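The values are calculated or read from the model by the stated rules, or taken from the named source; none is laboratory data. These numbers come from a predicted model, not from an experiment. All Cβ positions, even for glycine, are placed from backbone atoms using ideal geometry, and neighbour counts span all protein chains on display. Note: accessible area is taken over every heavy atom of the protein model, side chains too, but ligands, DNA and RNA are not part of it. Shrake-Rupley method; radii C 1.70, N 1.55, O 1.52, S 1.80 Å.
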Amino acid sequence: MKNMKTILLQGGHVVDPANQIDGIHDVLIENGVIKAVGQQLEVPTDADIRDCTGLVVAPGLIDIHVHLREPGQEYKEDLYSGLGAAAAGGFTGVACMPNTAPVIDSAPIVRDLVTRAKDVHKARLWVIAALSKGMKNHELTEMADLKAAGAVAVSDDAYQVQDPLFLRRAMEYAAMVDLPVLLHCENTTLSEGGVMNEGLVSTDLGLKGLPREAYELDVARAGLLAMLTGARTHILHVSTRGEAELVQHFKQKGAPLTAETGPHYWCITDEAVNGYNTHAKMNPPLRTQDDCEAMADAVANGIMDAIATDHAPHAGYEKAQEFALAPFGIVGLETSLALGVTHLVKTGKVTWTRFIDAMSTQPAKIIGVDAGTLTPGKTADVTVIDPNVTWTVDANKFVSKGRNTPFDGVELTGQAVLTIVGGEVVHG
Ligand SMILES: [Zn+2]
């Protein structure tokens, strides 16, 4: 292991929800770990001193829902571009989804990704393995082996299990080996053929809708099965007010349930699809203004434990098809932080503490990794944020290979100026 620099982050606004810190402090990093957090810490000799006046110093941001496209679809994204994009966006760690080619459904594939990601020296990688072999919803994966190989969760993400008995068995197995189950909740019989939110805009455009009820129905099923099986169950990309209400209902009943929403679900609506804009096509789809308000509220009050992007890079020619044929998904790693600062924190809807909790502390807890705090002795994963800088999104400058964002050309506030992973500066 190489000799790590000592770094002193001086005079920043430290936000560390796990330790209830929200004030001006210094943070000292030595040998890759957090050495001390406090006021006017002594300056060690040979320290790399960073003036953080006016900046927010937070535990490294974590996105537990990204598609890095390895193995097999490196033309869309690879470990270098994906983990580089994460670091540039302020993320010190991300968890990747298994819908790759081949699917991440066996221990050797998990081990290979975990090993290779260590050589990238950008954000760290945690691997989510498939719940069923080939994500075909037919045969369970060897979850104990996958966990031993390093997988932190199981999910069939976009290929949601429809058979409730199969899902019950999967959740029982996951509970037995203590892996969280991440569910993309959608009843595909009810949503069959839909390409955008079912509503006035879809009628106007003559596009087949994805009714909110298809998703809400499946969140209800997930809540019931979480109660039945005791499996740690996490609802991916919540987009509707009704889903948030159901999550709240099951949490109040004591279900082992957590949930996430994504930045695009609190700041743009299905109006963005007008003109058949394929960069506004994702699943779940963009909803309505009322849903946006519900998502912001649900982040504020913690019903949405975490914020995650569902970063889904595609090649330009794939998105340049007619709307109905273009693939679902947008990139998110390099705009997520700013969309939160701009629309949640600066508007006063969400406090810095809750925002960092949703961007770091809770995501770490959901996938059960030892991160998301600045507690002395912990690995030094730290993000320094300029909360006031305004900048204009330029998709052509993304580190990600994906350019598919509905936010190109939009002015936002807030940016990661320094990303530190294990005491190593990987961005800034
Ligand atoms: Zn996804």
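May I ask you to say which residue of Ala364, Ala358, Ala371 is closer than 22 Å to His67 by Cβ, among the small types (Gly, Ala, Ser) and either assigned to a loop (DSSP other than H, G, I, E, B) or without any contact (Cβ under 8 Å) to a residue 40 or more places away in the chain (or both)?
Being closer than 22 Å to His67 by Cβ, among the small types (Gly, Ala, Ser) and either assigned to a loop (DSSP other than H, G, I, E, B) or without any contact (Cβ under 8 Å) to a residue 40 or more places away in the chain (or both) holds for just one of Ala364, Ala358, Ala371, which is Ala371.
Output the residue which, of all residues in the range 304-318 that are more than 12 Å from the ligand (Cβ to nearest atom) and open to solvent by 10 Å² or more (accessible area, probe 1.4 Å), is farthest from the chain's Cα centre (by Cα).
Taking the candidates together, the pick is Tyr317.
Would you confirm whether or not the range 303-319 contains a residue that is of a type in the set (Lys, Arg), in contact with a helix residue (DSSP H, G or I) (Cβ under 8 Å, 6 or more places away or on another chain) and farther than 29 Å from Arg168 by Cα?
yes
Check whether at least one residue in the range 42-61 is open to solvent by less than 20 Å² (accessible area, probe 1.4 Å), over 17 Å from Thr419 (Cβ atoms) and modelled with pLDDT of 95 or more, and report yes or no.
no
State whether one or more residues within the range 11-21 are buried (at least 19 other Cβ atoms within 10 Å of the Cβ), touching a residue at least 40 places away in the same chain (Cβ under 8 Å), under 30 Å from Val103 (Cβ atoms) and not hydrophobic (A, V, I, L, M, F, W, C).
no
Working only within the range 182-236, note down all residues that are hydroxyl-bearing (Ser, Thr, Tyr) and either open to solvent by 10 Å² or more (accessible area, probe 1.4 Å) or farther than 25 Å from His67 by Cα (or both).
Thr188, Thr189, Ser202, Thr203, Thr229
Can you pull out the residues in the range 87-104 that are open to solvent by 10 Å² or more (accessible area, probe 1.4 Å), within 16 Å of the ligand (Cβ to nearest atom) and in contact (Cβ under 8 Å) with a residue 40 or more places away in the chain?
Asn99 - this is the single residue of the range 87-104 that is open to solvent by 10 Å² or more (accessible area, probe 1.4 Å), within 16 Å of the ligand (Cβ to nearest atom) and in contact (Cβ under 8 Å) with a residue 40 or more places away in the chain.
Restricting to the range 126-147, name every residue that is more than 16 Å from the ligand (Cβ to nearest atom) and either touching a residue at least 40 places away in the same chain (Cβ under 8 Å) or among the charged types (D, E, K, R) (or both).
Hits for the range 126-147 are Lys133, Lys136, Glu139, Glu142, Asp145, Leu146, Lys147.
Limited to the range 333-360, what total is found for residues that are touching an Asp or Glu at 6+ places or on another chain (Cβ under 8 Å), surrounded by 21 or more Cβ atoms within 10 Å (Cβ to Cβ) and β-branched (Val, Ile, Thr)?
Counting residues in the range 333-360 that are touching an Asp or Glu at 6+ places or on another chain (Cβ under 8 Å), surrounded by 21 or more Cβ atoms within 10 Å (Cβ to Cβ) and β-branched (Val, Ile, Thr) gives 1.
Hey, does the range 287-296 have a residue that's within 14 Å of the ligand (Cβ to nearest atom) and touching a residue at least 12 places away in the same chain (Cβ under 8 Å)?
Among the residues of the range 287-296, not one is within 14 Å of the ligand (Cβ to nearest atom) and touching a residue at least 12 places away in the same chain (Cβ under 8 Å), which makes the answer no.
Could you please find all residues in the range 261-270 being closer than 17 Å to Leu339 by Cβ and more than 14 Å from the chain's Cα centre (by Cα)?
Trp266, Cys267, Ile268, Thr269
So the check is Cβ under 8 Å with 6+ separation or different chains; which pairs have a first residue in the range 213-225 that's under 13 Å from Pro164 (Cβ atoms) and a second one that's surrounded by 20 or more Cβ atoms within 10 Å (Cβ to Cβ) and among the acidic types (Asp, Glu)?
From the range 213-225, the pairs are Asp218/Glu186.
Residues that are more than 16 Å from the ligand (Cβ to nearest atom): find the helices (runs of 4 or more DSSP H) completely inside the range 148-219 holding 3 or more of those.
Passing ranges, in order: 164-176, 200-205.
How many of the residues making up the range 381-411 are surrounded by fewer than 21 Cβ atoms within 10 Å (Cβ to Cβ) and part of a strand (DSSP E or B)?
Count: 8.
What's the total number of residues in the range 234-256 that are touching a helix residue (DSSP H, G or I) at 6+ places or on another chain (Cβ under 6 Å), more than 16 Å from the ligand (Cβ to nearest atom) and within 23 Å of Pro211 (Cβ to Cβ)?
Counting residues in the range 234-256 that are touching a helix residue (DSSP H, G or I) at 6+ places or on another chain (Cβ under 6 Å), more than 16 Å from the ligand (Cβ to nearest atom) and within 23 Å of Pro211 (Cβ to Cβ) gives 6.
Report every pair of residues separated by at least 6 positions or lying on different chains whose Cβ atoms are under 6 Å apart, first residue within the range 238-256 and without any contact (Cβ under 8 Å) to a residue 24 or more places away in the chain, second surrounded by 17 or more Cβ atoms within 10 Å (Cβ to Cβ) and among the small types (Gly, Ala, Ser).
Within 6 Å, no pair qualifies.
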